[in-house]
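This report refers to the structure that appears directly beneath it.
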Amino acid sequence: MAVTRPAILLLPQATELEWRIRPRLEEWADVTSYDPPGVGSEPPRDGPPFEVRLGLAAEQLDRAGWDRCVLVADGWSTPIAAHLALARRSAVAGLVLTHATVSYRIGGERPDVNQEVWEAFNQLVASDARNFVLYGLGQFTGGSYDEALVDEILERAPASTIQRLMAETIDVGPIDDVLAQLDIPLLFVKHEGCLQWTDEGYANAVAAFPRAKTGSVSQAPPVSEEFADMLRQFCAELDWVMETNQLS
């Protein structure tokens, strides 16, 4: 009897190296990810930045050759996942957004992004990219970025590249109208105690999409074993058939 094996596309923020839980996911799912344009061996591309990143994500989905999959995105990559799900509706069985929000307002009333932290991170990545990755991102990752991994990340994505990727995604605007057009299961995940992504932003997302499944984790989702288990449960509950992913 054939057993359906889930398929997961992990969308990166600055590099696919961020997804430290990938080996755990690969124990029960087919998983793929990639680096954004201009990162690592992925060459830069001409065109509007967001459209370029969206196009690369679609190419990665095509290369995987799956009938259907789950898109998983964190933070700055969530707008790309939402737009990809809309563009490839038949290929997407579910959408998972971590550090979930539906807009990207920095500061002001009920902001999605803490303005002081955002500005401090931008200053740190410009002045000391290594400490930004080691300590700034360490806030998100619970200290899981060791010295060797920091060096590997910065080799693929130096300071100027990280700054560019942050600006390209956070300037894209709200995604609530995009999500409203999707008829697929959603999972919104909150990182408890996150300094950058606000409780208000997450609450706004949950209020806008009350049918979405929700969850929270104490570590940043890309490094959280708790999130890996949550994602496995979400995939197990989906109603999907993926002929190309069936195992005998």
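The values are calculated or read from the model by the stated rules, or taken from the named source; none is laboratory data. This structure is a prediction, so every number in the text was calculated from the model and none was measured. Every residue, glycine among them, receives a Cβ derived from its backbone with ideal geometry; neighbour counts consider all protein chains shown.
Would you mention how many residues in the stretch 158-182 are outside any helix (DSSP H, G or I) and free of Cβ contacts under 8 Å to residues at least 40 places away in the same chain?
Initially, the stretch 158-182 is screened for residues outside any helix (DSSP H, G or I), giving 158, 171-175, 181-182.
Now restrict to residues that are free of Cβ contacts under 8 Å to residues at least 40 places away in the same chain: 158.
Residues in the stretch 158-182 being outside any helix (DSSP H, G or I) and free of Cβ contacts under 8 Å to residues at least 40 places away in the same chain: 1 in total.
Being over 21 Å from Pro12 (Cα atoms), of a type in the set (S, T, N, Q) and modelled with pLDDT of 85 or more, is that true of even one residue in the stretch 90-97? Yes, the stretch 90-97 contains a residue that is over 21 Å from Pro12 (Cα atoms), of a type in the set (S, T, N, Q) and modelled with pLDDT of 85 or more.
Every test in (1) under 27 Å from Met230 (Cβ atoms); (2) assigned to a loop (DSSP other than H, G, I, E, B); (3) under 16 Å from the mean Cα position of the chain (by Cα) is passed by Leu61 save one, and that test is (2).
Identify the residue in the stretch 58-94 that is among the hydrophobic types (A, V, I, L, M, F, W, C) and touching a Lys or Arg at 6+ places or on another chain (Cβ under 8 Å) and, among all such residues, is surrounded by the fewest Cβ atoms within 10 Å (Cβ to Cβ). Among those that are among the hydrophobic types (A, V, I, L, M, F, W, C) and touching a Lys or Arg at 6+ places or on another chain (Cβ under 8 Å), it is Ala58. When you check Gln13 against the structure, is it assigned to a helix (DSSP H, G or I) and either at negative phi or in contact (Cβ under 8 Å) with a residue 40 or more places away in the chain (or both), yes or no? Here the answer is no, as Gln13 does not meet what is asked.
Suppose we filter the stretch 178-199 for residues that are buried (at least 16 other Cβ atoms within 10 Å of the Cβ) and either hydroxyl-bearing (Ser, Thr, Tyr) or at pLDDT 95 or above (or both); how many remain?
Initially, the stretch 178-199 is screened for residues buried (at least 16 other Cβ atoms within 10 Å of the Cβ), giving 178-179, 182, 184-191, 194, 196-198.
Going one step further and asking which of them are either hydroxyl-bearing (Ser, Thr, Tyr) or at pLDDT 95 or above (or both), we end up with 178-179, 182, 184-190, 198.
Count: 11.
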